[in-house]
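**Student:** To start, I am sharing the structure in question, which I have written as structure tokens.
The values are calculated or read from the model by the stated rules, or taken from the named source; none is laboratory data. Remember, it's a predicted structure, so these values are computed and weren't measured experimentally. Every residue, glycine as well, gets a Cβ built from its backbone with ideal geometry; the counts of neighbours run over all protein chains shown.
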Amino acid sequence: MQFKNPADVDEILMPAESDGAELLLPLVAGQPAKSAAAELVAGVVIGELIALTDEGLTPLVVYPGQRGTAAIVARSVLDLRGAHVGKQVVLLFEAADPDKPIVMGVLRDGQPSELDGRPGQVEVDRDGERMIVSAKVQLVLRCGKASITLTEAGKVLIEGAYISSRSTGVNRIKGGSVQLN
């Protein structure tokens, strides 16, 4: 079907009498049409985040008026954490399909969450040659099985499957006591 006049498209998509013609909109937009019996969800819906699956990457939600009682797999526009499970979430639906929820946000309940804590301070000098990273209690630098931990008590813990210390000059070990094996 071809339209010579843009008004012809408007007449088909928005006829004076709406008798199911709104189902033609997905056809023009290149999407499959929903059956007349299909339920559409328009607007914002408040649901609940039930769980996070796939190592915390996939949210499961429930919301009032959903089909069935099982949790529905959703997508999210924000990083969800374990602290968000059990909280109310703001949901929108892809193409108004009730089986395709998207988590748009987490509603605050007036209580500070563990996520509200300020991160450690990071300071970078202007010349780009020095970087200072600060933490209040503990700072951990980790890669695979290796880690360097700095504690507020002044401890430096170096752990790894293989640790090598090399120097072209003096390699000095000094302490109140030194233990080797």
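**Student:** Can you tell me which residues in the stretch 152-179 are part of a loop (DSSP other than H, G, I, E, B), surrounded by 10 or more Cβ atoms within 10 Å (Cβ to Cβ) and of a type outside the set (D, E, K, R)?
**Tutor:** 160
**Student:** Okay, moving on. How many residues does the stretch 57-75 contain that are under 18 Å from residue 104 (Cβ atoms) and either small (Gly, Ala, Ser) or exposed (fewer than 10 other Cβ atoms within 10 Å of the Cβ) (or both)? Lay out the reasoning, then the answer.
**Tutor:** Here is the first cut: in the stretch 57-75, the residues under 18 Å from residue 104 (Cβ atoms) are 57-66, 71-75.
Remaining after also requiring either small (Gly, Ala, Ser) or exposed (fewer than 10 other Cβ atoms within 10 Å of the Cβ) (or both): 64-65, 71, 74.
Result for the stretch 57-75: 4.
**Student:** Please state which one of 83, 95, 51 is at pLDDT 75 or above, within 16 Å of the chain's Cα centre (by Cα) and in a helix (DSSP H, G or I).
**Tutor:** Sole residue among the options that is at pLDDT 75 or above, within 16 Å of the chain's Cα centre (by Cα) and in a helix (DSSP H, G or I): 83.
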